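First comes the structure, then the notes that go with it.
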Amino acid sequence: MIEIGNIRLQSPLFLAAGCAKHPDGARKILASPSAALVVGSVTAAPFGVDDGDILWCDGARSVTGYGFPNAGMDVWEPDLADLAAAAREAGKPLVVNVAGSDVDDYLRLSERAFAAGAAVVEFNLGWPCLLSPRLVRHAFSDDPAAVADLLRGAAARFAGKGGELWLKFSPMQPTVLEGMVSAIDANGDAPVTAVVCCAPYPKTLFLEPDGGSVVGSDSFGQMGGEVLRPIALGQVRQFRAMLPAHIAVIGLGGVSIRDHVDQYLAMGASAVGLTTAYQIGGAEIFDYLFGPEMAV
Ligand SMILES: Cc1cc2nc3c(=O)[nH]c(=O)nc-3n(C[C@H](O)[C@H](O)[C@H](O)COP(=O)(O)O)c2cc1C
């Protein structure tokens, strides 16, 4: 059994954000061996167009264009309480990943998620939107001062109330990463129990032979999968060396075989997530890649 804050995971492996974009997808995850139910990202208003054409993958690398199309919190909210109850019964924490446009937006979304029964709210601090520049004031992941603001607000709103926060970052330069650790240290009352790295790397261009982007004729893509793993392993090790022991580090990026899980655990991760491999292989990946011995 793995303990992160007050939650328990039956194994170190779970399906990360992007695997459940709808309540139906969440129910599939509950029935899978994933140690947690992570839903979202959820935004305040409906966002993006989920026409099924969001992921380009060559079997190892993944690029998403829209990033996180979702129906918005008004649509998710009625299902969250049921999902929370079902997750409790399945012995899996419900983690609601929220993507806000500013501090208040993150905090309001979190309040609604906790009120509906989420055990954990994961802040998606990676580049929140690549197609709608007006929505993007900044990526919190680029900006330790903005994260410090967010954590001050989170401390005021959530300290001592039982809900836990995970902070999900995109890959960062070492000095920015150190700035994030300082922001977390300086706001120790915020109930942060884990740092998750990494969200995809933003604004990449995978090009077709004709020069167009693989996710749309003129679209940047967010990069995950195999190419992210060495970067994410480095982020995990840096965070583990600098964060206080009560804050766990969760590794995410390019996990598709058991060795990858072991690498993250060896670099100091307490648990490991995956999205691309699930998008390719569905829940069967647990059977043929990880085997029953993953249960701890
Ligand atoms: C199709 C797809 C959708 C995703 N949607 C989200 C999302 O809504 N919110 C989020 O925080 N991360 C999202 N991610 C990022 C993943 O959670 C993860 O950080 C990243 O893809 C690296 O892990 P992987 O290599 O196992 O995919 C998405 C990834 C993919 C491939």
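With the structure loaded, tell me whether residue 27 is more than 16 Å from the ligand (Cβ to nearest atom) and more than 23 Å from residue 287 (Cβ to Cβ) or whether it fails that test.
no
Checking residue 191 against (1) of a type outside the set (Asp, Glu); (2) open to solvent by 30 Å² or more (accessible area, probe 1.4 Å); (3) modelled with pLDDT of 95 or more; (4) more than 14 Å from the ligand (Cβ to nearest atom), only one condition comes out false. Which one?
(2)
Any residue in segment 218-233 that is over 18 Å from residue 17 (Cβ atoms) sitting within a Cβ distance under 6 Å of a residue that is within 10 Å of the ligand (Cβ to nearest atom)? List the pairs, counting only those 6 or more apart or interchain.
Close Cβ pairs satisfying both conditions: 219/65; 226/60; 226/61; 226/254; 227/61.
In segment 217-253, which residue that is at pLDDT below 95, open to solvent by less than 60 Å² (accessible area, probe 1.4 Å) and near the ligand (Cβ under 9 Å from one of its atoms) is farthest from the chain's Cα centre (by Cα)?
227
Out of (1) out of contact with any Lys or Arg (no Cβ under 9 Å at 6 or more places or on another chain); (2) at positive phi, what's the single condition that is false for residue 284?
Of the numbered conditions (1) out of contact with any Lys or Arg (no Cβ under 9 Å at 6 or more places or on another chain); (2) at positive phi, the odd one out for residue 284 is (2).
If I ask for residues that are at pLDDT 85 or above, away from the ligand (no atom under 12 Å from the Cβ), more than 18 Å from residue 57 (Cβ to Cβ) and not polar (S, T, N, Q), which ones from segment 255-296 would you list?
Correct list: 258, 259, 262, 265, 266, 267, 268, 269, 271.
Being open to solvent by 30 Å² or more (accessible area, probe 1.4 Å) and either more than 18 Å from residue 216 (Cβ to Cβ) or modelled with pLDDT of 95 or more (or both) narrows it down to one residue among 85, 155; which is it?
Within the list 85, 155, the selection yields 85.
For segment 159-188, name all the residues that are open to solvent by less than 20 Å² (accessible area, probe 1.4 Å), over 22 Å from residue 233 (Cβ atoms) and of a type outside the set (S, T, N, Q).
163, 164, 165, 183
For residue 208, which of the numbered conditions (1) away from the ligand (no atom under 13 Å from the Cβ); (2) within 18 Å of residue 125 (Cα to Cα) fails to hold?
The single condition residue 208 does not satisfy is (2).
Which is acidic (Asp, Glu) and without any contact (Cβ under 8 Å) to a residue 24 or more places away in the chain, of 189, 185, 210?
Going through 189, 185, 210 in turn, the sole match is 210.
The values are calculated or read from the model by the stated rules, or taken from the named source; none is laboratory data. Just so you know, these numbers come straight off a predicted model, no measurement behind them. Reconstructed Cβ throughout: ideal geometry from the backbone, glycine too, with neighbour counts over all protein chains shown. In case anyone asks, the SASA skips ligands and DNA or RNA and just uses the protein heavy atoms, side chains included. Shrake-Rupley method; radii C 1.70, N 1.55, O 1.52, S 1.80 Å.
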